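Colleague: Take this structure, written in structure tokens, and hold onto it; I'll ask about it next.
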Amino acid sequence: KAGVTQTPRYLIKTRGQQVTLSCSPISGHRSVSWYQQTPGQGLQFLFEYFSETQRNKGNFPGRFSGRQFSNSRSEMNVSTLELGDSALYLCASSLGTGDSPLHFGNGTRLTVT
Amino acid sequence: SQKIEQNSEALNIQEGKTATLTCNYTNYSPAYLQWYRQDPGRGPVFLLLIRENEKEKRKERLKVTFDTTLKQSLFHITASQPADSATYLCALLILTGGGNKLTFGTGTQLKVEL
């Protein structure tokens with residue numbers, strides 16, 4: 001089975017721009033979660049989608065948004081980028097039940113200059 | 001406020017010894033606790049899950065304990081090897097009436113030396 005695929009792997013953007021990150025989950029997984037990872041804050045939960053509906057949301061500003069398509073693929077968008085948005089963005093898929101583990105991709109490294 | 005604490009300092013041990021990592025939490029009532037391993041430049045990889053009504057779980061050289069009274073989980077790697085060197089993350093899942101919101105600790109870096 002193919003793992004979780006995130007594209008692009010690296011991205012460099014300028015302050016004020018917007019960015020879209022993509023995530024293809026493991027086949028059969030209906031839940032996709034997004035996390036931001038920085039050295040100081042660790043892994044911070046952004047949101048979770050299940051069957052195209054946002055099911056949970058973390059404490060991030062509205063500039064961070066996402067969506068999930070009918071094939072479970074997901075995208076995350078960040079508008080009006082700030083320097084502090086520089087981070088590793090990780091996507092994880094799962095079956096969506098409480099006891100199902102997360103399967104992570106290797107992330108998109110976003111640098112905002 | 002809710003907190004998940006893991007040893008922020010790196011743990012250095014000798015090959016063949018048992019590594020013990022700690023995860024403490026406050027103001028949570030997790031239904032599940034999970035442990036992940038993360039290597040540099042890669043996403044975390046799931047290792048073990050333990051439920052709130054379980055005391056201990058084992059998988060090969062790995063063992064996890066979960067004490068909901070102490071609000072603590074211990075993660076043990078027996079007969080450690082240099083290949084076990086990585087950052088280990090604990091994560092709590094709280095059932096909120098729908099959805100998976102897994103909250104992670106900041107991780108402990110383990111280095112196994114020859």
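Colleague: Quick one: count up the residues across region B:40-92 that are under 30 Å from A:THR108 (Cα atoms), among the charged types (D, E, K, R) and surrounded by fewer than 17 Cβ atoms within 10 Å (Cβ to Cβ).
Modeller: 1
Colleague: Taking region A:33-42 as the region of interest, how many residues are out of contact with any Gly (no Cβ under 8 Å at 6 or more places or on another chain) and either assigned to a strand (DSSP E or B) or of a type in the set (Lys, Arg) (or both)? I'd like the intermediate steps shown before the answer.
Modeller: Initial filter on region A:33-42 (out of contact with any Gly (no Cβ under 8 Å at 6 or more places or on another chain)): A:33, A:35-36, A:38-41.
Cutting the leftovers down to either assigned to a strand (DSSP E or B) or of a type in the set (Lys, Arg) (or both) gives us A:33, A:35-36, A:38.
Here the count works out to 4.
Colleague: Continuing with the same structure: For residues that are within 20 Å of B:ASN27 (Cβ to Cβ) and part of a loop (DSSP other than H, G, I, E, B), scanning just region B:54-76, find the one that is nearest to the other protein chains (Cβ to nearest Cβ).
Modeller: B:THR68
Colleague: Can you pull out the residues in region A:94-113 that are of a type in the set (S, T, N, Q), modelled with pLDDT of 95 or more, crowded, with 17+ Cβ neighbours inside 10 Å and in a loop (DSSP other than H, G, I, E, B)?
Modeller: Result: A:ASN106, single match.
Colleague: Here is a list of conditions, (1) at pLDDT below 95; (2) surrounded by fewer than 19 Cβ atoms within 10 Å (Cβ to Cβ); (3) within 14 Å of another protein chain (Cβ to nearest Cβ), and A:ARG9 meets all of them except one; can you say which number that is?
Modeller: Result: A:ARG9 passes all but (1).
Colleague: May I ask you to list the residues in region A:75-93 that are away from chain B (no Cβ under 14 Å), assigned to a strand (DSSP E or B) and buried (at least 18 other Cβ atoms within 10 Å of the Cβ)?
Modeller: Matches in region A:75-93: A:MET76, A:VAL78.
Colleague: Test B:TYR25 against the criterion of being within 13 Å of chain A (Cβ to nearest Cβ) and in a strand (DSSP E or B), and give yes or no.
Modeller: Working: within 13 Å of chain A (Cβ to nearest Cβ): no; in a strand (DSSP E or B): yes.
For B:TYR25, the condition - within 13 Å of chain A (Cβ to nearest Cβ) and in a strand (DSSP E or B) - is not met.
Colleague: Another question about this same structure. Run A:SER72 past the list (1) away from every other protein chain (no Cβ under 14 Å); (2) surrounded by fewer than 21 Cβ atoms within 10 Å (Cβ to Cβ) and report the number of the one that doesn't hold.
Modeller: All conditions are met except number (2).
The values are calculated or read from the model by the stated rules, or taken from the named source; none is laboratory data. These figures come from a predicted structure and were not determined experimentally. Cβ coordinates were reconstructed from backbone atoms using ideal geometry, including for glycine residues, and neighbour counts include every protein chain displayed.
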